[in-house]
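The values are calculated or read from the model by the stated rules, or taken from the named source; none is laboratory data. As the structure is a prediction and not an experimental result, all values here were calculated from the model. Reconstructed Cβ throughout: ideal geometry from the backbone, glycine too, with neighbour counts over all protein chains shown.
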Amino acid sequence: MTNTPVLPGRGKNMNNVIVLGTQWGDEGKGKVADLLTSKANIVVRSQGGNNAGHTLVVGDRKVVVRLVPSGILHSQCLCLIGSGVVVNPIALFEEISELDKAGVADVEKRIKVSAASALLLPIHPAIDRGAEKLRGKNAIGTTGRGIGPCYEDKVARRGLRVGDLKNMETFQEKLKSLLDYRNFMLKNYYHEPEVSFESIMEAIVPLRDRLLAMVADISEILSEGRKAHKKILFEGAQGTFLDIDYGTYPFVTSSNTVAGGCVTGSGAGPLDIEYVLGIAKVYTTRVGGGPYPTELNDEIGEGIRSRGHEYGAVTGRPRRTGWYDAVAMRRAVTINSISGLALMKMDVLDGMDELKICTAYKLPDGTISKLPPLAASEYEGVTPIYETLPGWKESTFGVTSWDDLPENAKKYIKRIEELSGTKVAILSTGPERNQTITLEDPFADK
Ligand code: GDP
Ligand code: IMO
Ligand code: MG
């Protein structure tokens, strides 16, 4: 460690970049994180867990990462899992083994985990399932991975953390006391089978040494990396409108998916961040329940789903599809301090006669709102107001230069910029790394 004071890196060198979702998840964060990681030395996940499913496509190889940061395909890249992540050790080692089998080098050696990360144990998916059943028609449509119950235990201060594995005596005491409470609920409230202490120990103990060997002080690695001018990518999971505070509550996930969550969940300082790249599709999708004003329940929506292969990377569920929503994006831009957008899946809109962009919401009392409400209940009776633009017949698939885009595609993007109040930095025209138009490189020195 050095004592040399280092000024926050704002200004010329763009070394600390956040990549996060600005819609309801599955925007294409994996592709962009993987693309930018060719330049990065460190990629860090700060929130969520294996509810995430980030797709990386290289040639005919497709890899979906869930807990492992998307930098893993680049051998120079250190992959960090911060304190804000909920870590299911069984899922983590399954994923590591899949990546090993796929021929990715030194996977386990290149992943470091915070001792303060919450441990997601087999009791949590059981509670998740029980809670969803009980909600009946009001089910959130969770991924069933136990994410919510694990965060509940963390916030209630009864949860276990990765660092608790260091002392198995106290680990067992804490686990027994957690199970006393959770199994009481499973049995008496959810009417579901209990999860035994022995079964959890059997699953976790064999993984203990491997997991402890990955433990590191993530905040310190980031601080040292910053001093050494390393390029650091903060990889968000889920999306802005699944945020526990700013999403369509209660149809949200249980963590802060907004830019602030990347800071608290990694242990970086707020002034370390130099660029926030917001990822969005040129249309919208949502998996699970909850309000969705621009949803298309017709053949246009079906066309987007089939051309965009809009099926969940984690659960395989069909994604709901709809028009681009500039109202929601305006909130995402301010709440995340978006520096620029990566607009994804341009090619999916090829061949459409016309396109709509939602410019405002009409509220039930007739007033017009330029910003979205903060709770699901306030979306009742909200109708979208649209602007219609002409589509294009040419293919944009794989286009790598702005000049080669059809004129109407350029107009559509320009209008998205104007209505959303931010600029477009990256345009994606296909799932592969090179199917990209880079208008501004977030890591380039400014
Ligand atoms: P993430 O969760 O935000 O990383 O997104 P997902 O990986 O869950 O879903 C995005 C899907 O879109 C993946 O299947 C990607 O391979 C795919 N994808 C990303 N960018 C593009 C694009 O520009 N065009 C097309 N056709 N597919 C894309
Ligand atoms: P990535 O990182 C899309 C959704 C679920 C559900 C809600 C709560 O791939 O974009 P949870 O299991 O988190 O308690 O579910 O959040 N959800 C996602 N939707 N992409 C994701 O991750 C998601 N992670 C959770 O469908 O509606
Ligand atoms: Mg996904």
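For first residues located in the stretch 230-258 and within 11 Å of ligand 2 (Cβ to nearest atom) and basic (Lys, Arg), partners that are in a loop (DSSP other than H, G, I, E, B) and modelled with pLDDT of 95 or more and lie 6+ apart or on another chain with Cβ distances below 9 Å do not occur. At least 2 residues being small (Gly, Ala, Ser) is the threshold, and among the helices (runs of 4 or more DSSP H) wholly inside the stretch 208-285 those reaching it are 218-227, 259-264. Residues that are within 21 Å of residue 379 (Cβ to Cβ), in contact (Cβ under 8 Å) with a residue 12 or more places away in the chain and within 15 Å of ligand 1 (Cβ to nearest atom) occur in the stretch 326-334; there is at least one.
Taken residue by residue, the stretch 108-125 has no member that is in a loop (DSSP other than H, G, I, E, B), buried (at least 17 other Cβ atoms within 10 Å of the Cβ), in contact with a Pro (Cβ under 7 Å, 6 or more places away or on another chain) and of a type in the set (A, V, I, L, M, F, W, C). Of all residues in the stretch 146-160, those that are buried (at least 20 other Cβ atoms within 10 Å of the Cβ) and in a loop (DSSP other than H, G, I, E, B) total 3. Of the listed requirements (1) charged (D, E, K, R); (2) in contact with a strand residue (DSSP E or B) (Cβ under 9 Å, 6 or more places away or on another chain); (3) in contact (Cβ under 8 Å) with a residue 40 or more places away in the chain, residue 192 misses just one: (2). Taking the listed residues 407, 432, the one that is in contact (Cβ under 8 Å) with a residue 60 or more places away in the chain and surrounded by fewer than 20 Cβ atoms within 10 Å (Cβ to Cβ) is 432, with no other qualifying. From the list 353, 347, the one residue that fits, being under 21 Å from residue 412 (Cα atoms), surrounded by 21 or more Cβ atoms within 10 Å (Cβ to Cβ) and either without any contact (Cβ under 8 Å) to a residue 60 or more places away in the chain or out of contact with any Leu (no Cβ under 9 Å at 6 or more places or on another chain) (or both), is 347.
Checking each residue in the stretch 183-211 for being of a type in the set (Phe, Trp, Tyr) and either over 28 Å from residue 108 (Cα atoms) or modelled with pLDDT under 95 (or both) picks out 184, 189, 190. Considered as a group, the residues in the stretch 392-429 that are within 14 Å of ligand 1 (Cβ to nearest atom) and among the polar types (S, T, N, Q) include one that is nearest to residue 331 (Cα to Cα), and that residue is 428. Scanning the stretch 404-443 for residues that are of a type in the set (Gly, Ala, Ser) and in contact with a Pro (Cβ under 7 Å, 6 or more places away or on another chain) yields one hit, 425.
Entry remark, the stretch 161-206: residues being over 16 Å from residue 146 (Cβ atoms) and part of a helix (DSSP H, G or I) number 23 in total.
Within the stretch 387-446, the set of residues being more than 27 Å from the chain's Cα centre (by Cα), polar (S, T, N, Q) and either assigned to a helix (DSSP H, G or I) or within 16 Å of ligand 2 (Cβ to nearest atom) (or both) comprises 408 only.
Taking into account only those residues within the stretch 299-313 that are away from ligand 3 (no atom under 16 Å from the Cβ) and among the hydrophobic types (A, V, I, L, M, F, W, C), which is surrounded by the fewest Cβ atoms within 10 Å (Cβ to Cβ)? Among them, the one singled out is 300. Scanning the stretch 289-347 for residues that are at pLDDT below 95 and either away from ligand 2 (no atom under 16 Å from the Cβ) or basic (Lys, Arg) (or both) returns a single hit, 317.
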